[in-house]
Amino acid sequence: MSRPPRSGARGPAFAPSHMALDVAAARAALTATATAFAGFRVRYAVKANPHPALLRSFAARGIGFDVASVAEADLCLDAGADAAHLTYGNPIRSTRDIARAYDRGVRVFALDTADEARRLGAVAPGAGALIRLAVEPAPAGRKFGCLPREATTIASSAARAGLDVVGLALHIGTQRRDPRAWDAAVASAARVWELLRRTGMSPRVLDLGGGLPARDRRPTPPLTEFATAIRAAVARGFDEPPAEVAINPGRVLVAEAAVLFTTVHAVAHREDAVRWVFLGAGVWNAGLVDGRDGRFEYPVTAPDFAPDEPVSDALLGGPTCDGADVLRAGDPYRLPSALREGDRVAVWSVGAYTTTTAAVGFNGLAPLPVHVVG
Ligand SMILES: Cc1ncc(COP(=O)(O)O)c(C=O)c1O
């Protein structure tokens, strides 16, 4: 089947690559998440996408925000968020950062060492402390979280430093596609919770972090299955449910709200490999960093081709002279066999961890512009 006529022949093909961010779609994702997790506190993990239009829209809904830096806290406050709804979930920060966040009204901090408890006690008197637990398998090695056996000692250090140990926090990693992936971490948190209570503390908050998946090329169970499994894990572990169970979703709220429009930069055939399709935007200039190792398999389509156009395998790469600038996937991408230089390509679900992770000027390429729609 020959390809359908395209508007302006190759006209749109050379339109600069850009991302379209649909704030209404993100709002809809928030509604779906808040509905599935009714009764849970929802705090948006700002690191996923701190675009002011998103933050304003979420702040207007009255949700909380999990921030990783003072700069993110400022973005939330500028967007109309109440400082009382902010948690500083990143336990890696300087004493100055703690003091500045405290100054702005942030009153809950995650921490995972006794050193951090002392520093918080010194410059954030009376602040709430969420003891961050390590999980197995650890998504970032031993960078984050204390071992369950250390937790009561660290919590005691926090209490001695004058902090209010409000509860426990964990994060099992991003784009988790198995609803039971929280089971072990929640069970471990429940055991630590009980130990805290036995040492005379009164934990109230169980913060389950992020990890809910957005739609990528692979099948993913519906959000409701995650909510059911997570509720069941909490019910199994805790005789008395925590006064507050929080989730800090990032990706699931914003990934599907953005599409990357780009063009085929070049097509190359190697004798020992299927064809390579190099896109005008990739890992670095579009920030598709989660595509490097296949952690996130971005859906890719060629919008100007008919659905019955013959397709064949394609390896996808970005335009830079860097071996990591490829979109890896478990199964090969299938794209029109007739795809050629200048044809338009859409990369979907690019709203999370892209605009902020794009490289500035790598290979002379600027990060892509973002146009807000919706
Ligand atoms: C502590 C914490 N909470 C929440 C998130 C958000 O994760 P996701 O975007 O997978 O929902 C992250 C991501 O790194 C995180 O580190």
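The values are calculated or read from the model by the stated rules, or taken from the named source; none is laboratory data. Since we're looking at a predicted model, the values are computed, not measured. Don't worry about glycine lacking a Cβ; one is built from the backbone with ideal geometry, like all the others, and counts go over all protein chains shown.
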Any residue at all in region 180-197 that's hydrophobic (A, V, I, L, M, F, W, C), in a loop (DSSP other than H, G, I, E, B), more than 14 Å from the ligand (Cβ to nearest atom) and assigned by TED's automatic domain parsing to the domain that holds A45?
no
Only one of (1) of a type in the set (D, E, K, R); (2) touching a residue at least 40 places away in the same chain (Cβ under 8 Å); (3) more than 16 Å from the ligand (Cβ to nearest atom) does not apply to R132, and that is (3)
Given the residues V372, V350, which is the only one that is at pLDDT 95 or above and not in a loop (DSSP other than H, G, I, E, B)?
V372
Test result for V326, over 29 Å from A25 (Cα atoms), outside the structural domain of A45 (by TED's automatic domain parsing) and aliphatic (A, V, I, L, M)
no
Checking the condition within 12 Å of the ligand (Cβ to nearest atom) and under 22 Å from V289 (Cα atoms), which residue from V42, V46 passes?
V46
Just one of S57, S94 is surrounded by fewer than 16 Cβ atoms within 10 Å (Cβ to Cβ) and hydroxyl-bearing (S, T, Y); which is it?
S94
Which pairs turn up if I take residues in region 214-226 that are in contact (Cβ under 8 Å) with a residue 12 or more places away in the chain and look for partners that are surrounded by fewer than 19 Cβ atoms within 10 Å (Cβ to Cβ) and in a helix (DSSP H, G or I) with beta carbon separation below 7 Å, at least 6 apart in sequence or on another chain?
L223/A32
Give me a count of the residues in region 240-284 that are more than 16 Å from the ligand (Cβ to nearest atom), part of a strand (DSSP E or B) and charged (D, E, K, R).
2
Tell me, please, whether a residue that is under 30 Å from A214 (Cα atoms), of a type outside the set (D, E, K, R) and crowded, with 22+ Cβ neighbours inside 10 Å can be found in region 151-160.
no
Check on L212, in a loop (DSSP other than H, G, I, E, B) and within 16 Å of the ligand (Cβ to nearest atom)
yes
In region 226-233, is there at least one residue being under 25 Å from P50 (Cβ atoms), in contact with a helix residue (DSSP H, G or I) (Cβ under 9 Å, 6 or more places away or on another chain) and within 16 Å of the ligand (Cβ to nearest atom)?
yes
Checklist (1) more than 20 Å from P369 (Cβ to Cβ); (2) assigned to a loop (DSSP other than H, G, I, E, B) applied to L315, failing item:
(2)
